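One structure below.
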Amino acid sequence: MTTETVTAATSGTWRLGDLTVNRMGFGAMRLTGGAAFGPGTPSDRDRSIAVLRRAVELGVNHIDTAAFYFSSLRSANELINRALAPYPDDLVIATKVWPGRDPSGEWWWAEPEQLRGQVEENIRQLGRDHLDVVNLRVPPSRRNGSIAEHFGALAELRDAGLVRHLGVSNVTADQLAEARAIAPVVCVQNPYGIGAPAEERDLLRRCGEQGVAYVPFFAIAGAGREAGATGAEHEEVLAVARAHGATPAQVRLAWTLRQGPHVLAIPGTGNPDHLVENVAAGALRLSQEELARLDSLPAGA
């Protein structure tokens, strides 16, 4: 498929509260180096900055980041600030809190009263007066527990003007309902891709019924998660890719966008060529037969 003139606008738009974004966005996690976050090999600063600027040139106006996306010498938020400030009026930057990392890289999880400090840290690093969207990223240990106390603390920061809109991440349907009873939720950010389990497909559907954006992460990486796509591609994905002259990653992104008009993609890369390919996936139109073949693939495909 051609990638020459495709922009993020080709993927269509969705509204996060009062903010309109193109459905093809960008994830900043991989900008800091070879590892998703952690020691890894520090990225080339100029190349990462060039990727961010090129993303905006290609119409990307939804960037996902976090203060805890940093490697030994690189910070995703700092790179975004350096590359894009003063920010375009239509650019929406979404970040996430609850997890944190100390300067040495060790993980910690915030208490409700510590969320303000995490929000302010993102504001400082990004050079903004407030944050567009903040996702409450639920830890694995709380996967089936209450998030009311933490989400309530975030809602207070929204009322105080530090945050414009709220989202939740790594949540169940019950946790989404719990959050929506406290304050409006504009998006759910969960792992999702070809072979997703039935309960996650059901949550995606519920989000659409409720007007909540569903933002999959690991849509390309799949079972590789933070490490990125690993191993051989499934033959069905390869077959669809060959039929369209596309890459397997483009097929996975096109499939993701076909899951519903409320589904937003945030593929991440530090490679300028992969960036162009990812954005172009918004123009890839899969047939119903191809979608059915991909829908039937097992978990981890």
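No value in this document is a laboratory result; all are computed from the given coordinates. Keep in mind the model is a prediction, meaning the values are calculated, not measured. Positions of Cβ are generated from backbone atoms using ideal geometry, with glycine treated the same way; all protein chains shown enter the neighbour counts.
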Loop sites in the stretch 48-134: GluC sites (Glu not before Pro), DSSP, at most 15 other Cβ within 10 Å
106
Separation in nanometres of the label points that stand 7 Å from Cα toward Cβ, at residue 111 and residue 288
5.7
I want the local charge near residue 19. Using Cβ-Cβ distances under 9 Å, sum +1 for each Lys or Arg and -1 for each Asp or Glu among the other residues.
-1
Taking H as built 1.01 Å from N, whose amide H comes closer than 5 Å to the amide H of residue 27, not counting residues under 5 places away?
64, 268, 269
For the stretch 261-271, just list the computed ³J(HN,Hα) in residue order, Karplus coefficients 6.51, -1.76 and 1.60, θ = phi - 60°, integers in Hz, with x standing in for Gly and Pro.
x, 8, 8, 10, 9, 10, x, x, 6, x, 9
Can you work out the PRE-style zone for residue 130? Point 7 Å along Cα to Cβ, and I want the residues of the stretch 69-102 with backbone N under 14 Å.
93
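If we sort 156-164, 93-101 on the protection proxy, mean other Cβ atoms within 10 Å, highest first, what's the order?
Working: 156-164: 16.0, 93-101: 23.4.
Listed from highest to lowest mean packing, they are 93-101, 156-164.
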So if I average 1/r over every pair of distinct C-alpha atoms in the chain and take the inverse, what Kirkwood radius in Å does that give?
19.3
Using the Karplus equation 6.51 cos²θ - 1.76 cosθ + 1.60 (θ = phi - 60°), what ³J(HN,Hα) coupling, rounded to whole Hz, does each residue of the stretch 17-22 give in order, writing x for Gly and Pro?
x, 9, 10, 8, 10, 6
Along Cα→Cβ, 7 Å out, is where each label goes; now give me the distance between the ones at residue 57 and residue 209 in nm to one decimal.
4.5
Hydrodynamic radius of the stretch 39-130 per Kirkwood, over alpha carbon pairs, in Å:
13.9
Packing-ranked peptide list from 242-248, 287-293, 9-15, highest mean Cβ count within 10 angstrom first, is 9-15, 242-248, 287-293
